[in-house]
Amino acid sequence: MGRTVLERLDRLPRRDLTVLALKGLSTLVPGGWTNITNADQLIQDVIGDTDPALVARIRARADQLSRARAEGYGRALSLYDAVNRSQHAAGGLRVLANLSAGLPLLKRLADVTPPGDTLQAVDLSLKVGSELLAFTQVNGLPGDSFGDFGAALADYAGEARVRMAALICFDALLPLGDQALQKLDSLLGAANRKDLNRLPAYRQMAGLIPGRSDDAHLSFLRRGVDQWLGWAGGFVGELGLTAQGTVQAVESTLGPWQGRMDQFAAFLDAFTDTYAHTGVQAVARRLVERATAEV
Amino acid sequence: MTRPLRWILGLVVAAGLLLGGALLIPFGDWLPGGTVANVPNQEVVNGTAFNRLFPAPVAGEQLLFSQEKRGFSEARLRRGGELVALLAISDTTTAPEAREKFGSSQNAVAGWPLVEQGSQASALLVGGRFQVKVIGQGDGLDLQARHELLESFDLTALARLRPSLSTVSARKAPATPAPAAIGSAPALAS
């Protein structure tokens, strides 16, 4: 049995590249972001009290809930982990390709690996898709109607604003440019099964995505992205997010970057865990809310 | 079959099983089963049945359902976009120890025992089985406001709820008389 959600929260880094990148990005999002890496602190925040006996009871209940497989909290984390591993692998290859492009002998590597915009778009859709799957694992299908479900999803995204901003900025705007969201649909339309299979995370997630074939999965991802695009478009417009703005915001904590934006995106993909990091925090919060209500 | 061949076959099968097992490790979380406190799902009321019992939001308020599982449903109460409180109904079948705190309860709301947990949470035990809780968020809610919120749940309908194999019949379940005693096995498909 792996670690419980709260144990993983306690083990999140307090200061590393991931945290610094998120800190920098959060300057673009009103309300900011606090890096919660202490389960007891999170519990006190939710219950609004510091009684140690009460906190211990809530924590015990949260651990019990997170060990129950059917409740889905652990499943959501395993999804985030799969996506994170894939992101590292793909990002590492792109960094390697960038480095080796200057060396004559290794030029072949660069020719083999450059991920086109399409591949980048499929990668983003896989992240959005796993976000939807993880949402249903953590929260079930809240409410009695599809409208309730949509409202719950929008509300969740509103709470995890920095998480969503990281997804939009690091995985859409930086590698694909400011028009990323507008281009995304046509890019995905051009994607085929080969592009999908090039992503390591897809092989691990394939069994979890509804549908039995690669084509069915691709169309599921496209529909998921369509749903998400409407919300993300409003978010980008509201906050005025751009690729240039993202670079400047992250430079404020990580230091200056002298290179292309897609190289910056590859660097962030290879060396940070923003998706899994904020994912653990988001799941832990919902889990603690439930445990607090049940003790 | 010759002896070496048998050995080779045996090793191949063993290696195959080992490899298959290793490949499945990341998917351990996705295996079925593993309910809370090992209580079978059929004995727990589905969260869908709780949704219509939440208080109706008044003008200027929004009620957003945020989590729904077996035996649990939670909603967020917002006033003008600001999160004011978490409202939740849970079935204590999977957490019997949660009922103990009501034993020494002195107060009541709508006739059901009431307990304060810390400075922001009020809990009510309805029908000896369902826990209704209001947790103030952000700037918080005072005692009075929390109790008014607890009262505005549909507590009589909640006390009558019984687990059923499908959520549809839970909704149409006819009124049953007095709530069952605490701890007794819930009647299944009577």
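The numbers here are math on the coordinates, done by the rules we state, and not lab data. Quick caveat: nothing in here was measured; it's all calculated off a predicted structure. As a convention, Cβ positions derive from the backbone with ideal geometry for all residues, glycine included, and neighbour counts pool all protein chains shown.
Given contacts defined as C-alpha pairs under 8 Å and at least six residues apart, what's the relative contact order of the stretch A:154-286, whole-number percent?
This gives 40 percent for the stretch A:154-286.
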Given the convex hull over the Cα atoms of the protein assembly as shown, what projected area results after averaging over all orientations, in nm²?
-> 29.4 nm²
Tabulate in residue order the Karplus-calculated ³J(HN,Hα) for the stretch B:125-137, using 6.51 cos²θ - 1.76 cosθ + 1.60 with θ = phi - 60°, rounded to whole Hz; enter x for Gly and Pro.
-> 9, 9, x, x, 9, 9, 9, 10, 9, 10, 10, x, 10
14 Å Cα-Cα reach of A:LYS23 towards aspartates and glutamates, excluding residues that sit fewer than 8 places from it in its own chain = A:GLU251, A:ASP273
Between B:GLN117 and residues 5 or more places away or on another chain, which pairs have amide H atoms under 5 Å apart, with H built 1.01 Å from N, and which residues are they?
-> B:SER122, B:ALA123
Magnitude of the Cβ-charge dipole (Lys and Arg +1, Asp and Glu -1) of chain A about the Cα centre, nearest 20 debye, reported as 880 debye
In whole Hz, the Karplus estimates of ³J(HN,Hα) for the stretch A:139-153 (6.51, -1.76, 1.60; θ = phi - 60°; x where Gly or Pro) are 9, x, 10, x, x, 9, 9, 5, x, 4, 5, x, 5, 5, 5
Average Cα contact separation per residue, chain A, under 8 Å, 6 or more apart, as relative contact order % | 38 percent
Please give the average number of partner chain Cβ atoms lying within 10 Å of the Cβ of each residue in B:18-31, rounded to a whole number.
-> 3
Sorted by average packing, counted as other Cβ atoms within 10 angstrom per residue and highest first, what order do B:82-94, B:136-148 take?
-> B:82-94, B:136-148
Label point at A:GLN179 placed 7 Å out along Cα→Cβ; residues across the stretch A:253-295 whose backbone nitrogen lies under 20 Å | A:261-263
Using the Karplus curve 6.51 cos²θ - 1.76 cosθ + 1.60 with θ = phi - 60°, work out ³J(HN,Hα) for each residue of the stretch B:11-25 in order, rounded to whole Hz, and write x for Gly and Pro.
-> 5, 4, 4, 4, 5, x, 4, 4, 5, x, x, 5, 5, 7, 3
Quick calc: nm separation of the 7 Å Cα→Cβ label points for A:TRP231 and A:ASP40 -> 3.4 nm
Most to least packed among A:63-74, A:272-283, A:252-263, A:48-59 [average Cβ atoms within 10 Å] | A:272-283, A:63-74, A:48-59, A:252-263
Shielding of B:90-99 by other chains, given as the mean Cβ count within 10 Å, works out to 3
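Looking only at other chains, what is the average number of their beta-carbon atoms within 10 angstrom of each beta-carbon in B:128-140? Before the final figure, lay out each step's value.
Details: counts 0, 0, 0, 3, 1, 4, 1, 7, 2, 5, 1, 1, 1.
Mean number of neighbouring Cβ atoms from other chains: 2.
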